[in-house]
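For reference, the structure is listed below as structure tokens.
The values are calculated or read from the model by the stated rules, or taken from the named source; none is laboratory data. Computed from a predicted model, the values in this text were never measured in an experiment. As a convention, Cβ positions derive from the backbone with ideal geometry for all residues, glycine included, and neighbour counts pool all protein chains shown. Keep in mind that these areas ignore ligands, DNA and RNA; they rest on the heavy atoms of the full protein, side chains included. Shrake-Rupley method; radii C 1.70, N 1.55, O 1.52, S 1.80 Å.
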Amino acid sequence: MSSEAPAYLLTPNPNSTYEVTPLTGNWSSVLEAAQQQPAADALAAMATSAPTTFDVVEAYAHVYQLPYASYIYVYIMWITFAVLFVLFAVFHQTGGRVGYVGSLWNKWLLRRRTWRKKHSLMKAMKAGKKHSQPFSLPSNAQLLCITFLWVFAILLSFVGPDYIVRNRADTFTKPYIAKRNLATSALQGNVFHETIQKSWWTSSARLGIISLTLFPLCVMFVTKAPPFALLAAPYLVQIWNDKLVFLHKWTGRLIYFITSIHVVFWSVQLAQDRISATDNNDVWTVIFLHVPFIYAWVAFIFFTILMVLSLKPVRALSFEFFYIAHVLLVPLVLIFAALHFPRLQWWSWVTLIVWGSERIYRFAKLLWANGIITNIRNAPMTQRYIDFVQNEQAGTMDVHRLKVPPFASQTFDNEDKKKSWASDSPTLALEKSEERPCAARRPGYSYRGTYIPPPGYAHVVLLPGKTVRVRLVLPQYFSWAPGQHVLLTVPAVSAWQSHPFTVSSACNQGSAGTDAQDVVLVIRAQSGFTKNLYDHVEKLRAGDSRGDQPDFPFIPPNEGVLLRAYVGGPFGSSVRVRWTTYSTVVIIAGGSGCSYAASVLEHVTACIAGKKDMTLAGRENAGQIKRVRFVWLVREFAYMQWIASMVRRCIERVPAGTLQVDIYVTNTMSMKAGKRLSPSKRFTVDSLHPGHANILGYGNESKASIATTDTAYSDVEANFGEVDDIINSYGELGHEEHVLDMTNYGGEDDTMMPSEREFSRQLQTEGEMRRAETHMRKSMLLTGSGSGPKAPPPTYHKQAFEDEATMEKGIGHHRTMSTPMPGSEGRPNPTPCSGFVSDLREADDMFYLSENAHSGRPKLNEIIGEEASNCIGSNMLVCCCGPTALIATIRKHVAENIKPKLVLEGKAPAITLASEEFEN
């Protein structure tokens with residue numbers, strides 16, 4: 001357009017109106033003269049006709065934009081974040097968490113505070129509500145991160161000038177061509193020449209820039225799979241979504257908070273400004289002619305809905321609805337935010353691309369790993385399974401792939417040869433008990449006694465405590481680190497829901513065995529998906545159905561059902577723990593948190609035993625580990641079935657004195673209410689053993705390690721029992737404490753079935769008998785009264801194992817399990833729990849483990865202190881998983897036992913905490 005064309009000069013007045021001045025002749029020279037003024041707050045509007053309202057609105061929006069020099073605050077923010085990420089990565093990779101500096105760091109930052117309103121437990125009991133965990137704040141480390149993020153972002157939003165002009169070139173913006181049919185319409189010019197400290201519009205614009213550029217950080221905290229989950233990358237901090245979800249939530253709240261102020265400030269500016277000197281209406285009446293302003297309100301409305309649905313009470317009503325709404329609203333917010341402010345649109349587009357690509361990647365990986373997009377029959381693990389089935393049916397099982405462990409019938413020249421032979425077995429752990437008989441292996445089962453499910457299908461069995469155990473093998477090769485979790489989908493229950501569950505088995509990546517890569521999940525029913533899964537399995541079992549059936553050769557299980565299942569993952573920050581760099585490992589679990597503990601226990605004991613392939617990396621060995629202690633707080637003795645076989649394998653895998661197992665059962669009311677053995681026919685723990693005896697003989701255990709026996713806390717029946725036994729008015733965390741706080745997650749049903757109660761009594765009695773006999777044997781050896789009786793024989797009934805028909809009778813049949821032990825004539829033979837334990841091996845494992853189970857609660861502080869005092873090396877690891885109250889208690893006790901000064905002097909170990917805490 002010629003510079004001689006008619007033009008109009010829009011000049012802002014002090015009263016927030018605009019003067020429209022016609023320009024004639026060579027208007028470009030007039031504009032150039034205006035730009036030379038010290039404070040030429042002018043915008044040239046060039047058109048072939050007088051400016052319309054639309055032109056005025058477009059000019060208004062064009063004037064009120066910050067120059068690029070004002071974006072310096074964004075650069076400062078992200079450079080700071082990058083430096084902090086690098087520092088934390090170096091700190092982690094160089095082992096900074098261990099040692100004096102790490103002790104100083106952990107001493108205060110580990111603590112996590114909980115709170116419960118006084119008398120709230122009593123009110124909940126009277127109202128018949130289910131038990132719920134106390135309210136919990138984040139840990140001190142998390143609070144520090146949240147505080148820094150909020151303070152830093154707010155300072156960058158308000159401190160310093162908003163409108164920064166470094167030179168005259170910065171004051172010019174690119175021409176804005178109005179998207180109208182008038183081809184001659186255009187806007188160009190200069191805005192403000194001077195730095196502006198504060199005004200409604202400059203502060204609002206600056207807040208909008210900060211909030212929009214925080215979107216990538218928010219998404220970075222929620223992505224699950226590397227390489228899109230940058231912080232989980234192997235050579236950075238290796239922190240996954242499970243540890244960052246709280247930062248994701250608070251970053252989202254921060255963005256919404258800043259955005260809300262941005263909206264308020266802009267609203268004030270629009271209300272103050274007038275359209276022109278002749279039109280006294282505020283700009284609100286015409287601002288919606290500016291299309292990006294409409295995009296802004298659409299984005300803000302979607303963002304508001306997103307934040308309301310993210311509130312915990314709303315999520316608790318229906319997590320599935322929240323999740324679906326989240327997935328739909330997040331891209332809408334990002335898209336309309338990009339359209340609202342084209343200058344910074346790539347911040348939103350890149351965020352959306354990363355968020356969407358990570359989900360597509362995870363979905364594609366799930367389809368591939370579970371044989372959905374490929375022919376499941378051609379998958380490697382499926383082919384191996386088909387070969388296994390065909391060999392079973394032909395009677396030509398390859399004994400080299402499924403070896404029998406070294407029992408009494410197997411002889412070796414020396415101990416090293418025996419250990420080497422067992423370690424090479426791809427499917428079985430090293431068994432040290434040579435007196436344990438070997439049952440005839442059932443078709444479709446490994447010599448470990450576990451059913452081998454067809455790849456892609458989950459073998460699901462019911463367990464006590466409204467719990468199911470899910471065992472599956474993926475069609476493709478699948479590996480995970482100890483303590484990691486997977487996302488499980490069962491189409492028969494819900495085709496579109498996936499929920500996280502910790503893998504309770506360790507990955508034997510280097511093995512070629514058919515059941516070497518079992519993904520085992522222990523899932524306790526609460527509500528939603530977990531309850532629906534339990535009910536579905538129970539319904540199939542009641543109808544004598546075996547569930548889904550694959551379209552390739554398979555052997556059906558003798559118990560439980562088969563369900564098509566998909567697994568995504570693995571995920572979890574436990575991959576960052578260097579397990580074998582610690583001399584002592586203490587593993588503490590509460591309730592169904594045993595899944596995490598079992599995986600870690602199996603991994604570290606396998607490393608001690610020399611199974612170098614028992615790890616995600618495939619090359620980890622015992623390292624510095626000298627001692628492992630496993631502590632499990634559980635509600636009922638019958639619940640030991642969840643992981644009994646695995647724990648026994650771990651005990652028998654390592655040398656005596658390396659592993660100590662202590663199980664504390666907090667429910668004693670049902671034991672009091674039920675019929676027990678008469679005092680003349682049973683031994684008591686208190687009368688024969690002052691500490692907490694166990695079968696392995698680990699030396700001198702402290703009396704203080706166990707808080708109570710038999711009279712500690714009462715059971716919570718339907719009527720909650722005696723209130724004084726249920727509630728401690730001032731617990732370890734400084735508020736009212738419920739007996740279920742240490743063992744039950746919120747929403748779990750604590751009702752017992754009669755068969756579970758009866759079996760719990762049998763296990764308790766069996767454990768007391770075994771401890772008494774062990775103590776008697778030790779006493780006879782110490783007093784020199786003879787060699788004493790031999791160790792209690794295994795509780796397998798030999799004839800039951802040799803009778804294949806008995807093995808296949810299935811659920812609901814009692815069997816004689818034990819032969820009398822020396823000194824226990826007249827003692828009743830324990831029988832497995834009707835309706836749950838149908839496998840004789842598993843029942844025997846439970847009775848074996850009962851010697852390590854005590855009634856009462858442990859003194860966790862003294863257990864941790866005891867292990868720290870006896871630690872041989874310089875580093876000690878405490879692993880914990882369980883309900884909120886247990887996690888907070890362990891954090892408190894670990895912090896109390898960290899002594900940085902003594903660590904510096906080499907007189908105390910540096911204690912590190914590794915915990916699994918799911919946030920919802």
Between ASP548 and residues 5 or more places away or on another chain, the pairs with built amide H atoms under 5 Å apart involve LEU562, LEU563, ARG564
Cα centroids of the stretch 468-497 and the stretch 288-317: how far apart, whole angstrom?
34
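Given axes a ≥ b ≥ c from the Cα gyration tensor, I'd like to know whether the stretch 100-156 is rounded (a/c under 1.5), prolate (a/b larger than b/c) or oblate.
Values: a/c = 4.77, a/b = 1.97, b/c = 2.41.
It is oblate, given that a/c is not under 1.5 and a/b is not larger than b/c.
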Which part of the stretch 145-166 falls in the paramagnetic zone of LEU137, meaning amide N under 12 Å from the point 7 Å along Cα-to-beta-carbon?
147
Using the per-residue mean of other Cβ atoms lying within 10 Å as a proxy for protection, in what order, highest first, do the peptides 596-602, 562-568 fall?
596-602, 562-568
Shape verdict for the stretch 462-612, please, from the Cα gyration tensor: rounded (a/c under 1.5), prolate (a/b greater than b/c) or oblate.
prolate
What ranking do 200-209, 906-915 get when scored by the average of other Cβ atoms within 10 Å per residue, highest first?
200-209, 906-915
From the phi of every residue in the stretch 841-857, what ³J(HN,Hα) in whole Hz does the Karplus formula 6.51 cos²θ - 1.76 cosθ + 1.60 yield, where θ is phi - 60° and glycine or proline is x?
4, 5, 4, 5, 4, 5, 5, 4, 7, 4, 5, 9, 9, 10, 7, x, 10
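In terms of solvent-accessible area of protein heavy atoms at a 1.4 angstrom probe, what is the ranking of TRP347, TRP108, highest value first?
Values: TRP347 75, TRP108 135 Å².
From most exposed to least exposed: TRP108, TRP347.
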Net lengthening on full extension, VAL308/GLU905 (0.36 nm per residue, minus Cα-Cα)
209.7 nm
What distance in nm separates the two pseudo spin-label positions at TYR730 and ILE353, each 7 Å out from Cα along the beta-carbon direction?
6.1
List residues of the stretch 320-361, by number, whose backbone nitrogen lies under 20 Å from a label position 7 Å along Cα→C-beta of PHE293.
336-344
With a 1.4 Å probe and all protein chains kept in place, how much accessible area does ASP55 have, in Å² rounded to the nearest 10?
10
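If packing is taken as the average number of other Cβ atoms within 10 Å across a peptide's residues, how do 226-237, 356-367 rank, most packed first? It would help to have the intermediate numbers written out before the result.
Values: 226-237: 17.2, 356-367: 14.9.
Highest mean packing first, the order is 226-237, 356-367.
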Among rounded, prolate and oblate, which fits the stretch 301-392 when a ≥ b ≥ c are the square roots of the eigenvalues of its C-alpha gyration tensor, a/c under 1.5 means rounded, and a/b larger than b/c means prolate?
oblate
Using the Karplus curve 6.51 cos²θ - 1.76 cosθ + 1.60 with θ = phi - 60°, what ³J(HN,Hα) values do you get for each residue of the stretch 256-269, in whole Hz, with x for Gly and Pro?
5, 4, 5, 4, 5, 5, 4, 5, 5, 4, 5, 5, 5, 4
Suppose the chain between ALA495 and VAL86 were pulled fully straight at 0.36 nm per residue; how much longer would it get relative to their current alpha carbon spacing?
143.2 nm
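Nearest 20 debye, what's the magnitude of the dipole of the stretch 78-139 about its Cα centre given +1 on Lys and Arg Cβ and -1 on Asp and Glu Cβ? Let's see the in-between values first.
Details: 12 positive and 0 negative charges, 158 e Å.
Computed charge dipole of the stretch 78-139: roughly 760 debye.
Going through the cross-link list LYS107/LYS899; LYS107/LYS224; LYS129/LYS859; LYS107/LYS892; LYS365/LYS531, which pairs have a Cα-Cα distance over 18 Å in this structure?
LYS107/LYS224; LYS129/LYS859; LYS365/LYS531
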Projected label distance in nm at ILE360 and ARG253, using a 7 Å step from Cα toward the beta-carbon
3.4
If the chain between GLN345 and ILE196 were fully stretched, how many nm would it gain, using 0.36 nm times the residue separation less the Cα-Cα distance?
51.2 nm
With each label point set 7 Å from Cα along the Cα-Cβ vector, what nm distance links LEU230 and GLU896?
4.1
